[in-house]
Structure formats: C-alpha cells, structure tokens
Amino acid sequence: MPKSINTTCLDPGFGYENGDGYVRIWNYPKGEDGARLVMRHRWFWELQVGEIPDGYEIDHVCKNRRCCNIEHFRCIPKSQHVVENNTSRYSRDYNNFATDLLKYHYLQDLSQPKLAAKYGKSQSTICNWLKKFNKGEFHV
Ligand SMILES: [Zn+2]
C-alpha cells in the first residue's frame, strides 16, 4: 500500500540531473579521498534514516525523482521496485493511448502495425490495449 503524503516535495536544487531524471551529488568534496557521485535521494535517506541494505532501493512514492523529502520515500526490494515501475509505466502508457483514441477518432481506423509503430509498442501490446479499450477499461 502506498503511504499517504501530507507534505510537499523537497528539491534542494543542487546536484547533477541525469537523463533518467535522478540527481547525483558528490558524497564528499570533489577530489577528496572516497569522493564519488552518489544518488542524491539515497544520500538523504542514508543521512536521516540509515544505510540502505544490499538489494534494496528507494522508491519515490510521489514519483518526483528530484524529491528529497524522505517522507515520500519507501525502502523496498529492488525486484519489487522494478515490477512496480513497469506496472505504473504500462498503465500510464495505456491510459495515454486510450485518451488519444477517445480524442482522435481517426486512430481507431489505423491498423495494429501502424499503432504499434506510433506508440513504440509490440503489436501484441496494441492488441491487448485495443481489447481493454473496447471493453471500456480506462481511467482518464
Ligand atoms: Zn516528493
């Protein structure tokens, strides 16, 4: 169960954002012994909560990868994190697809290979999405 969030996201502003949206910072001043770039949100967690066990990752419940508010974090096994990220990406992609179909009716006349190319998905994914859509399953 995702915990509820009663506080706002915190973005301390410093660090280097990667293409993946996560921010990295130097754990010690650059050039000192042991200085290396670390994930900023992990660094905040370790500072305030403690070491992250091997095989565990910090999940942003708020989905804001720049956020450093540890109340928005969960420490969960890596395998669970991957599954949840894939599930939420899948449902977000599907919802975008369903929203497009509702908005742009011409899309419903496109062939599955064309839709697969347009959305960067396999034809079997598009086929499943169309089945869901035709059953009226969408959350927009
Ligand atoms: Zn947050």
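Residue count for the range 80-94 under the criterion of being more than 14 Å from the chain's Cα centre (by Cα) and exposed (fewer than 14 other Cβ atoms within 10 Å of the Cβ): the result is 0. None of Lys132, Lys114, Lys121, Lys63 is basic (Lys, Arg), surrounded by 12 or more Cβ atoms within 10 Å (Cβ to Cβ) and within 16 Å of the ligand (Cβ to nearest atom) except Lys63.
Can you confirm whether Lys118 is free of Cβ contacts under 8 Å to residues at least 12 places away in the same chain and over 22 Å from the mean Cα position of the chain (by Cα)? Spelling it out, it is not the case that Lys118 is free of Cβ contacts under 8 Å to residues at least 12 places away in the same chain and over 22 Å from the mean Cα position of the chain (by Cα).
Scanning the range 103-136 for residues that are within 19 Å of Asn86 (Cα to Cα) and assigned to a loop (DSSP other than H, G, I, E, B) yields a total of 3.
Any residue that is within 16 Å of the ligand (Cβ to nearest atom) and outside any helix (DSSP H, G or I) - is there at least one of those in the range 80-93? No, that holds for no residue. Tallying residues that are of a type outside the set (Gly, Ala, Ser) and over 14 Å from His60 (Cα atoms) within the range 7-32 yields 13.
The residue of the range 24-56 that is surrounded by the fewest Cβ atoms within 10 Å (Cβ to Cβ), among those that are within 16 Å of the ligand (Cβ to nearest atom) and either of a type in the set (Ser, Thr, Tyr) or not in a loop (DSSP other than H, G, I, E, B) (or both), is Gln48. The set of residues in the range 59-79 that are within 17 Å of Asn6 (Cα to Cα), among the hydrophobic types (A, V, I, L, M, F, W, C) and either part of a strand (DSSP E or B) or within 13 Å of the chain's Cα centre (by Cα) (or both) comprises Val61, Cys62, Cys67, Phe73.
Any read-out appearing in this document is the output of simple, stated calculations on the displayed coordinates, not a laboratory observation. Predicted, not measured: the structure shown is a model, and the values here were computed from it. Here Cβ is always computed from backbone atoms with ideal geometry, including for glycine, and neighbour counts include all displayed protein chains.
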